[in-house]
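Data block below; observations after.
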């Protein structure tokens, strides 16, 4: 028993804290599982989304590989491009993820989420986790295509786990940004317009299809504030034989994690306003 009056025994306090952590994790995975079931019931979505990265690698990549000086010194252009296209395909899936929140509001699902005891941040992280599942499905497509066209992939299990972690962070980051946008605009039509406007600048103002050294100085500055740049940088380091990180792999993870945490905090405050 505790010696201090009015306090719980240490073992009881520990169990209470552990129970809270367990409840939080259950809420996160419950939301993620519900979202992932939608993907399982609609495999055609994965198939259709696989077309774009395949076309980028087979058409754009094969053509641009004939242009000298466009990639880094130690990588061929197809190798260089493959990490960028993986990040791009994850971005394109995640940035439109917020539209599902608008559908949920219209169907009444959002209200059921909000009256549940689950913390709002757990709902947001659960949705981000489910977006990561979709991102990993894209990764399988890109990896298979890259192997077919002869990209020198690093298949070391530790490196591949790092790739999974980066995809999860990138998917979570951009899907949470998408959720924030959905909370602001609240209509599918406005959301689709904003999503389409955002994707191209984020993609082209990054190092996905050309190195930072080829950019004009002003674009290089913009790219350094673009989270996709750090995701691509980390993917090149982990995904490719001979790949290296420009910013340092720990910095890539740190930047993405900090931005993701900030976006989760914002989204958790804004998510209930969608129901208004």
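Given in Å, the Rg to one decimal and the Dmax to the nearest whole number for the Cα atoms of the stretch 202-276 are 15.1, 52.
Extending 7 Å from the Cα toward the beta-carbon at both residue 74 and residue 261 defines two label points whose distance is 3.0 nm. A simple spin-label model places the labels of residue 21 and residue 58 4.8 nm from each other, with each point 7 Å out along Cα-to-Cβ. Compactness of the stretch 10-275, taken as the C-alpha radius of gyration over 2.2 N^0.38 Å, stands at 1.05.
The packing ranking of peptides 212-224, 133-145, highest mean first, is 133-145, 212-224, where packing means the average number of other beta carbon atoms within 10 angstrom of each residue.
Measuring from centroid to centroid over Cα atoms, what is the spacing of the stretch 77-126 and the stretch 48-63 in Å? That distance is 23 Å. Sorting 253-262, 150-159 by their mean Cβ neighbour count within 10 Å, with the most densely packed peptide first, gives 253-262, 150-159.
Calculated FRET efficiency, residue 187 to residue 29, Cβ-Cβ distance, R0 = 25 Å: about 0.25 to the nearest 0.05. Does anything in the stretch 247-270 have its amide N under 20 Å from the 7 Å Cα→Cβ label point of residue 158, and if so which residues? Hits in the stretch 247-270 for residue 158 at 20 Å: 247-254. Packing order of peptides 240-249, 85-94, highest average first: 85-94, 240-249 (average count of other Cβ atoms within 10 Å over each peptide's residues). Between residue 214 and residue 116, the simple spin-label model (points 7 angstrom out along Cα→Cβ) gives 4.5 nm.
Here, each number is a calculation from the coordinates, and none is a lab measurement. All values derive from a computational prediction rather than experimental measurement. In this analysis, Cβ positions are derived from the backbone assuming ideal geometry, glycine residues included, and neighbour counts consider all displayed protein chains.
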